[in-house]
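Engineer: Got a structure here, written out as structure tokens. Questions coming.
The values are calculated or read from the model by the stated rules, or taken from the named source; none is laboratory data. In this text the structure is predicted, and so the values were computed from the model without any measurement. Positions of Cβ are backbone-derived with ideal geometry, glycine not excepted, and every protein chain shown enters the neighbour counts.
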Ligand SMILES: [Zn+2]
């Protein structure tokens, strides 16, 4: 998504956007009791007890590796979870929903299967699960709990539906894995990206946010899933430590004229040109939030960031920054109809390129870091195009249907 080109006029408040999603989303599981519980420790205790029983069962009955057993039983291990591109623990509600899905599978004596784009449940299991999750969702009175449940369910289904099918690193089907063609690069340590990602974009083949941690590593470009409290807490703890003056969201702020990179950073004290790149002192890290979702979802995501910023820093707006569309790094790339010049990775590359032009950033090779992202983007688009051709799908159709973002 991008910030300077599109109009922001069409979006309502978070509640309205969420309300529209409710009608379309297949969600839910038997979580009424745990979610409605006034004692927050209940679901965790329940889950831990279940896990303990399952672990004992495995130890007694099988000699197979723990990972294989966990996979067969549907448990998502920490290793599997983190393999998808995060350093966080497995979110509690995702674990709970995975467990409930496996429980429903046993109750119905029906095998859970996934298909389509984005790990959608199939067949009779889907119908039964649909009823359950809708009931659960409706029973949740609190819109915050509803959002958390929605996000966790999306993520649980995507993880279960993608295991053994997608490469965990590039999120492409294993036969199309592009990892061997990528080159990693160190991001200047004074910059950190946060990919604030909508659950519907998690594990999407055409997502470009994943490219950033593939190139720079998960500590320099970190995933934060929208509506997953564990992820949001990690991100906001970093922002609190950094202070408001060092956190920027790449988004045009509706209420004021968005600031350009030059407006914001050109007044900073200029580092001497004689300082070699390795000697540049990193006193503060600049944190940049990239909203990684469809344009229509991004309004709710931005609203959530703003609300949290108000809680943390008072009632001022979240500082926003917009890129200069004319100076986009994407303009250097070969013209190809499938390019979406507004995708998340291109935005990060654009930001690095614009910063490079400023004196205090000119000696740290941000242009090379931007090029590394652009190269990875080219690799991703080639891989997606090859896949479509191999599967006999038209490349032209791809332009409309698999908009990268
Ligand atoms: Zn791969």
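A quick yes/no check of all residues on (1) loosely packed, with under 14 Cβ neighbours inside 10 Å; (2) modelled with pLDDT of 60 or more:
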| position | (1), (2) |
| --- | --- |
| 254 | no, no |
| 260 | no, yes |
| 270 | yes, no |
| 281 | yes, no |
| 289 | no, yes |
| 296 | no, yes |
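Engineer: Can you find even one residue in region 110-129 that is more than 16 Å from the ligand (Cβ to nearest atom), buried (at least 22 other Cβ atoms within 10 Å of the Cβ) and part of a helix (DSSP H, G or I)?
Structural biologist: Within region 110-129, one or more residues are more than 16 Å from the ligand (Cβ to nearest atom), buried (at least 22 other Cβ atoms within 10 Å of the Cβ) and part of a helix (DSSP H, G or I).
Engineer: From the set of residues in region 164-185 that are without any contact (Cβ under 8 Å) to a residue 60 or more places away in the chain and assigned to a helix (DSSP H, G or I), which is farthest from the ligand (Cβ to nearest atom)?
Structural biologist: Once the filter is applied, the top-ranked residue is 175.
Engineer: Residue by residue through region 141-163, note down the ones that are within 16 Å of the ligand (Cβ to nearest atom) and part of a helix (DSSP H, G or I).
Structural biologist: The one that is within 16 Å of the ligand (Cβ to nearest atom) and part of a helix (DSSP H, G or I): 162.
Engineer: Related question: For the condition in the same structural domain as residue 298 (by TED's automatic domain parsing) and surrounded by 20 or more Cβ atoms within 10 Å (Cβ to Cβ), what is the one hit in 137, 188, 150? Steps first, answer last, please.
Structural biologist: Working: 137 fails: in the same structural domain as residue 298 (by TED's automatic domain parsing); 150 fails: in the same structural domain as residue 298 (by TED's automatic domain parsing).
188 is the lone residue from the list that is in the same structural domain as residue 298 (by TED's automatic domain parsing) and surrounded by 20 or more Cβ atoms within 10 Å (Cβ to Cβ).
Matching residues to (1) surrounded by fewer than 19 Cβ atoms within 10 Å (Cβ to Cβ); (2) at pLDDT 95 or above; (3) in a helix (DSSP H, G or I):
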| residue | (1), (2), (3) |
| --- | --- |
| 334 | yes, no, no |
| 337 | yes, no, no |
| 364 | no, no, no |
| 369 | no, yes, yes |
| 381 | no, no, yes |
| 387 | yes, no, yes |
| 396 | yes, no, yes |
| 400 | yes, no, yes |
| 404 | no, no, no |
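Engineer: Look at residue 205 and say whether it is within 13 Å of the ligand (Cβ to nearest atom) and modelled with pLDDT under 95. Even if it seems obvious, please write down each step before you answer.
Structural biologist: Details: within 13 Å of the ligand (Cβ to nearest atom): yes; modelled with pLDDT under 95: yes.
Yes: the conditions hold for residue 205.
Engineer: Residue 142 fails exactly one of the following numbered conditions: (1) closer than 30 Å to residue 304 by Cβ; (2) touching a residue at least 40 places away in the same chain (Cβ under 8 Å). What is the number of that condition?
Structural biologist: Going through (1) closer than 30 Å to residue 304 by Cβ; (2) touching a residue at least 40 places away in the same chain (Cβ under 8 Å) one by one, residue 142 breaks only (2).
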